[in-house]
Amino acid sequence: NIYGEHDTSIQGAMKRGDYYMTDKIVQKGWEWIINEIKASGLRGRGGAGFPTGLKYSFMPKHKPNGAPSYLVVNADESEPCTCKDREILRNEPHKLVEGCLVVGSAMVAKAAYIYIRGEYVDEAKALEKAVAEAYKEGKIGKNACGSGYDFDVYVHRGAGAYICGEETAMIESLEGKQGKPRLKPPFPANVGLWGCPTTVTNVETVAVVPTIMRRGGSWFAGFGRDGNKGTKLYNVGGNVNNPCTIEEEMGVPMRYLIEKHGGGVKGGWENLQAVIPGGVSVPMLTAAQADECLMDFDGCRQFKSALGTGSMTVIDKQQDVIAVVARIASFFKHESCGQCTPCREGCVWMWNILQRFEAGNASAGEIDMLDEISRQIEGHTICALGDAAAWPVQGLIRSFRPEIEERIAKYKSAGVM
């Protein structure tokens with residue numbers, strides 16, 4: 001029901017199979033749930049693609065000091081051009097609420113905190129309504145779903161900072177502090193929310209778990225190829241005739257998604273210039289690479305990019321690809337929290353240089369200088385925002401260097417300098 005064509009209330013959700021046998025699933029115990037998730041091959045849908053069953057198994061199940069454990073669901077979705085989780089939040093919120101109970105029980109957690117971005121006003125209202133309905137029907141709270149397990153769900157609204165999508169910054173924000181990433185170790189699975197064991201995980205990852213439990217891990221593993229199992233929500237946006245969100249099998253060709261679901265590139269496939277496979281924090285692909293790329297973790301890695309959130313931005317030949325990356329660099333410059341010098345200073349430098357590249361007011365030697373700056377940022381920061389800022393720039397230089405050189409030569413030939 002990602003298009004909201006059917007009843008989004010708890011009655012409608014139950015007609016579609018939500019909350020069916022949830023009590024039996026919870027009663028099977030954390031070990032069975034985690035083993036089924038591992039068997040399914042599910043990998044995190046938030047961008048990193050870490051094996052979900054392995055991640056959930058890191059949570060300590062036996063705590064001698066009696067400290068509670070917490071599940072934190074990342075519904076921040078601040079990545080530009082990404083709107084897959086939004087469809088779950090507003091049209092299938094009960095899949096997420098039920099998923100919180102099942103995943104929370106697999107971690108022996110006391111409660112789930114769903115951290116939703118402040119701009120998602122309608123989505124937050126839909127989610128809060130779903131949580132209230134679930135409490136009223138006894139699906140969460142004391143003796144959740146009649147399973148004998150007590151579990152609470154809370155909705156927390158953020159204030160619009162991109163950095164709060166990083167797991168430790170989200171925990172800081174939940175605690176009422178500035179949303180700035182923490183140094184790791186200690187990792188959240190040991191010292192997380194209020195110093196207690198915590199797992200931070202994505203909306204889509206949590207929402208699919210109850211269905212996997214009901215149908216079996218082998219059913220989910222029947223989709224996709226090795227290391228890239230299951231189905232996924234994809235966004236097709238940018239210069240296409242029919243921007244949309246769809247659920248498809250992992251590993252479908254990028255061209256198939258663009259033409260079958262996105263209605264094709266505006267002006268035809270020959271008018272395609274580039275595609276950003278996931279959000280904006282991954283290197284863009286050329287038209288030739290997009291023609292061959294399979295949309296899963298390994299398929300995008302083959303072309304030195306990444307699946308990210310699976311939210312494609314299609315760029316046609318009428319767009320200035322240098323200006324596109326300059327705009328992306330402006331975003332990361334604005335959203336850097338400023339803790340790490342390479343990110344705080346480097347993002348500004350990259351943006352300044354890209355602005356001059358856009359006009360052509362630069363020298364050819366600065367292309368390699370920009371690449372070097374990006375590599376001084378990449379891998380030298382507390383969190384992955386530095387990497388996210390560097391990769392689009394590296395992708396531009398790798399795939400569109402002739403366009404930058406041509407722009408510089410044209411500016412010089414005009415006699416402006």
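Kindly list, by first and then second residue, each pair from a residue in the stretch 40-51 that is open to solvent by 30 Å² or more (accessible area, probe 1.4 Å) and at pLDDT 85 or above to a residue that is of a type in the set (Gly, Ala, Ser) and in a loop (DSSP other than H, G, I, E, B), limited to pairs with Cβ atoms under 7 Å and residues at least 6 apart or on different chains.
The qualifying pairs are ARG43/GLY49; PHE50/GLY44.
Among the residues of the stretch 287-332, how many are among the hydrophobic types (A, V, I, L, M, F, W, C), open to solvent by less than 10 Å² (accessible area, probe 1.4 Å) and in a loop (DSSP other than H, G, I, E, B)?
3
Restricted to the stretch 170-198, and to residues that are touching a Cys at 6+ places or on another chain (Cβ under 7 Å) and at pLDDT 90 or above, which residue is most open to solvent (accessible area, probe 1.4 Å)?
LYS180
Per-residue answers, yes or no, for (1) closer than 30 Å to PRO186 by Cα; (2) hydrophobic (A, V, I, L, M, F, W, C); (3) at pLDDT 95 or above:
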position	(1), (2), (3)
ARG356	no, no, no
LEU370	no, yes, no
GLU378	yes, no, no
THR381	yes, no, no
ALA388	yes, yes, no
TRP391	yes, yes, no
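Given the structure, is TRP219 of a type outside the set (A, V, I, L, M), closer than 30 Å to ASN65 by Cα, assigned to a helix (DSSP H, G or I) and open to solvent by 10 Å² or more (accessible area, probe 1.4 Å)?
The answer is no for TRP219.
Can you give me the number of residues within the stretch 17-36 that are of a type in the set (S, T, N, Q) and either outside any helix (DSSP H, G or I) or over 20 Å from PHE58 (Cα atoms) (or both)?
Here the count works out to 2.
Which residue out of GLY165, GLY158 is small (Gly, Ala, Ser), open to solvent by less than 50 Å² (accessible area, probe 1.4 Å) and either more than 20 Å from ILE114 (Cβ to Cβ) or under 16 Å from the mean Cα position of the chain (by Cα) (or both)?
One residue alone meets the criteria, GLY165.
Would you pick out the residues in the stretch 288-324 that are among the aliphatic types (A, V, I, L, M) and closer than 28 Å to GLU87 by Cβ?
Of everything in the stretch 288-324, those that are among the aliphatic types (A, V, I, L, M) and closer than 28 Å to GLU87 by Cβ turn out to be ALA290, LEU294, MET295, ALA306, LEU307, MET312, VAL314, ILE315, VAL324.
Yes/no per residue for (1) part of a helix (DSSP H, G or I); (2) among the small types (Gly, Ala, Ser); (3) over 21 Å from ARG301 (Cβ atoms):
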| residue | (1), (2), (3) |
| --- | --- |
| GLY379 | no, yes, no |
| ILE382 | no, no, yes |
| TRP391 | yes, no, no |
| LEU396 | yes, no, no |
| SER399 | yes, yes, no |
| ARG407 | yes, no, yes |
| TYR411 | yes, no, yes |
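Being surrounded by fewer than 20 Cβ atoms within 10 Å (Cβ to Cβ) and among the small types (Gly, Ala, Ser) is the filter here; which residues of the stretch 361-383 pass it?
Within the stretch 361-383, SER363, ALA364, GLY365, GLY379 meet the criteria.
Just for the stretch 244-280: of the residues that are of a type in the set (Gly, Ala, Ser) and farther than 16 Å from LYS84 by Cα, which one is most open to solvent (accessible area, probe 1.4 Å)?
Per the criteria, the residue is GLY267.
The values are calculated or read from the model by the stated rules, or taken from the named source; none is laboratory data. This structure is a prediction, so every number in the text was calculated from the model and none was measured. Virtual Cβ from ideal backbone geometry, glycine too; neighbours counted across all protein chains shown. The protein model used for the area step is the full one, side chains on, heavy atoms only, and it has no ligands, DNA or RNA in it. Shrake-Rupley method; radii C 1.70, N 1.55, O 1.52, S 1.80 Å.
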